[in-house]
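Notes for the one structure printed next.
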Amino acid sequence: MVAHKGPYRRHFQHAAEADGATCSSAGETALHKFAKETLQRALKLRLEGLTESDGRHSVVVVKEQEFEFDDAVLEKREGDIVPDVVCRKGDRILYVEFKVTHGCDSEKLEKLRRLGVGALEIDLSRYRDCPLAELGNAILTEAPRVWLHNPKIPAARNRLEELERERLAAIDEKARELLAKLPTLQGPASTVGVWEEAAALRGLADAVSPGRRAIGFAVREQEWKSLVLLQFGLVAVNGFTVKEAFAAIKKEGWVARPLAFVSDEVADGLRRVAGDIVTPWEALAEFIEKMKKAGMLMVSGPGRRLHGGRLLRTTIRSAIETRERPARRTEELKRLVDRILLRVRKAYKENFDFRTWLDSDIGDGTVPAATVASETEDSFDLLVERLSTLSKGMSSYPPHLPEGMTLGLPVLDEVADREKSRRESEDRRDREAAETVKREADDRESRLLRPATAAMGAEAAGGWMDLLRDDLQGVSPRVMARRSEADFWKAVDALDRWREAQRIEIEREELKADSLAKLRKAARADFKRDDYADLWMRQPHKGLSGTKPEEYCVDDATLAACVALLPGSLRRR
């Protein structure tokens, strides 16, 4: 890059041929050289202001100013480094570095610090195309510049530390004054308040137990914590904030006035003076944060307000159930025992006392009062199950004692009496049933004998009643009728079959007699002599297979066959 006087302005431009040097390297060399020479000629430079701060205090190391030098040397080796320009004023030295494309690396910065000499870096990276008329002013005044090192910085930092020590000393003194007042500001630590009692009854004793040592409260730590959980966490429908809870604690007069508001600085001073303590506000904030993490409190709603959490309600509900559990269990046992004794006569239970029974060993080492007070449900549930089983046994008929257990209740005599009554009742019912069976059997036998006697006479009917019959499964009509009503009708059917057989037999005999009469009349007409006709009737006839006509003729068909064999009939054919 070479200086160039153009038609409009003077500026640097790249050389047409640079023997292989790139534009950027050439530009950096030319701009560096121009900057060094400009500073060497001017012997003055705007110094950037430098301030050290710890966030609370500030110390001016260098004021922003235009500084004039006595001398400026270019590219002079100083130990292991060669600064761009070494500026001198009296015995004071300042190194100046120009940044065109790259600033000082970490190694060079470390060397500058070891030399203990002030070093300033001027950033010319934005001025590579700047007109020559403006470039000088940029180098000396306008271009950004930063201190790489200043030997006054350690002294400034020491001053910052000194200022901080002075500040802390003042705070600590104020903290000591507050601590000196504490004995008269703190309340008695042993007095249990109504809020703490209420919290303990609701199972919150562990939740409100003391945390880090809190100062400035006029009541026990458990008291104000209990107020927060019960008054705000449990009752406040619209939720609450830490600030609202703290205001309520102060309103109760529980916070010492000097400690009602303590800055973080003073709180830290208190801890430096007195050890690990917390102020009332810090104690409340820590407690609420702990309750949020535990689930006792939660943040919800549009305003992100605090509300009672599920664990708070379940803990309280569980504590109430635990507190009421003995009375509830006792009532349940009383109800079961009363149900059992309801089935025991007064004479057997008049000396029974439920309270005495509760404290007694009712078998297997079981004492009802101990199961009532048990923290677990197992032993109580087992006793309830056994009482329920006994109640079912007493409610059954006949009553019985499962596995012989009485569970200390006056039930043995009642069970024995009921068993005796049951046996007597069953015996009576058996006798009555047997009598009823015999009476009904006698009635069925009589109902069968009457039509049988009417049909065949008393003597024949008696014989028929005891006759074993195949159509009655090999038993007699009398036995069949006595068995049951259904079997009685089977015997009646047998009697009906006998009647039908008798009717058929009579009809058959009547038909036979009628046929014989007609045959005899036909024979006498044919033989003209009664004696010949009767003889023919009694003689076997070969036309009847050797059978006598008077035996063969039983109906109209056999009558016709016999008539056809009469001598007259044979002659007519």
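The values are calculated or read from the model by the stated rules, or taken from the named source; none is laboratory data. All values derive from a computational prediction rather than experimental measurement. Cβ placement follows ideal geometry from the backbone for every residue including glycine, while neighbour counts extend to all protein chains displayed. For accessibility, only protein heavy atoms count, side chains too; no ligands or nucleic acids. Shrake-Rupley method; radii C 1.70, N 1.55, O 1.52, S 1.80 Å.
Odds and ends about this structure:
- Theoretical gain in end-to-end length, Arg343 to Arg450 [0.36 nm per residue, Cα-Cα removed]: 33.1 nm
- Of the three principal axes defined by the Cα atoms of the stretch 468-538, the extents in descending order read 65, 16, 12 Å.
- Here the relative contact order of the stretch 53-208, from alpha carbon pairs under 8 Å that lie six or more residues apart, stands at 18 percent.
- FRET efficiency for Lys334 and Arg305, using Cβ-Cβ distance with R0 set to 56 Å, rounded to 0.05: 0.75
- When shorter helices are ignored and each DSSP H run of at least 4 residues is given -39500 (n - 2.57), the per-residue value for the chain at 222 nm works out to -18000 deg cm²/dmol.
- Note on the chain: dipole from Cβ charges, positive end direction compared against Val266, Leu409, His102; the farthest Cα belongs to Leu409.
- Among 48-56, 285-293, the peptide with the highest mean count of other Cβ atoms within 10 Å heads the list, and the full ranking is 285-293, 48-56.
- For q = 0.14 Å⁻¹, Debye-computed log10 I/I(0) when each Cα of the stretch 259-364 counts as one equal scatterer: -0.78
- Per residue, in Å², the accessible surface of the stretch 390-499 once ligands and nucleic acids are set aside, probe 1.4 Å: 59
- Restricting attention to the stretch 422-530, the count of lysine pairs at 8 or more positions apart or across chains with alpha carbons under 26 Å apart stands at 4.
- Value of Rg to Rh for the stretch 165-318, rounded to two decimals, is 1.00; Kirkwood radius and Rg both from alpha-carbon coordinates.
- In nm, spacing of pseudo-spin labels at Glu485 and Ala517 (7 Å Cα→C-beta vector): 4.8
- Projecting the Cα atoms of Leu230, Leu336, Val475 onto the charge dipole of the chain (Cβ charges, centred on the Cα centre) puts Val475 farthest toward the positive pole.
- Near Glu223, once Lys and Arg are set to +1 and Asp and Glu to -1 for all other residues with Cβ below 10 Å from its Cβ, the sum equals -2.
- Partner lysines for Lys392 [C-alpha distance under 25 Å; skip if fewer than 8 residues away on the same chain]: Lys334, Lys346, Lys349, Lys420
- Remark: for residue pairs Lys33/Lys63; Lys174/Lys292; Lys152/Lys174, the C-alpha separation exceeds 31 Å in Lys174/Lys292; Lys152/Lys174.
- Under 19 Å from Lys290, Cα to Cα: lysines that are on another chain or at least 8 residues apart: Lys225, Lys243
- Residues Leu467 and Tyr532, FRET efficiency given R0 of 45 Å [Cβ-Cβ distance, rounded to 0.05]: 0.45
- Residue among Thr315, Ala373, Pro302 farthest towards the positive dipole end of the stretch 298-397, charges placed on Cβ: Pro302
- Whole-Å distance, taken between Cα centres, linking the stretch 378-404 and the stretch 330-357: 14
- Using only alpha carbons, the stretch 64-176 has a radius of gyration to Kirkwood radius ratio (Rg to Rh) of 1.14.
- Expressed as a whole percent, the accessible surface of the chain that belongs to carbon and sulfur atoms is 51, based on a 1.4 Å probe.
- Magnitude of the charge dipole for the chain, about its Cα centre and with charges confined to Cβ atoms of Lys, Arg (+1) and Asp, Glu (-1), is about 1360 debye.
- Kirkwood-based Rg to Rh ratio, the stretch 454-573, C-alpha trace: 1.27
- Of the DSSP H helices in the chain, those that are both long (alpha-carbon extent of 20 Å or more along the helix axis) and hydrophobic (Kyte-Doolittle mean at least -0.5) are 23-42, 153-185, 280-294, 378-395.
- Summed side-chain charge close to Asp427 - residues other than Asp427 whose Cβ falls under 14 Å, Lys, Arg +1, Asp, Glu -1: 0
- Under the criterion of Cα pairs below 8 Å and six or more residues apart, the relative contact order for the stretch 191-319 equals 32 percent.
- Computed over the chain: relative contact order in percent, which uses C-alpha pairs under 8 Å that are six or more apart: 6
- Cross-link reach is defined here as a Cα-Cα straight distance under 19 Å, omitting same-chain residues fewer than 8 places apart; for Lys111 the aspartates and glutamates meeting it are Glu75, Glu78, Asp80, Asp84, Glu97, Glu121.
- For the chain, the fraction of C-alpha pairs farther apart than 45 angstrom is 70 percent.
- Extended-chain gain in nm, criterion 0.36 nm per residue less alpha-carbon gap, Ala458 and Asp123: 105.1 nm
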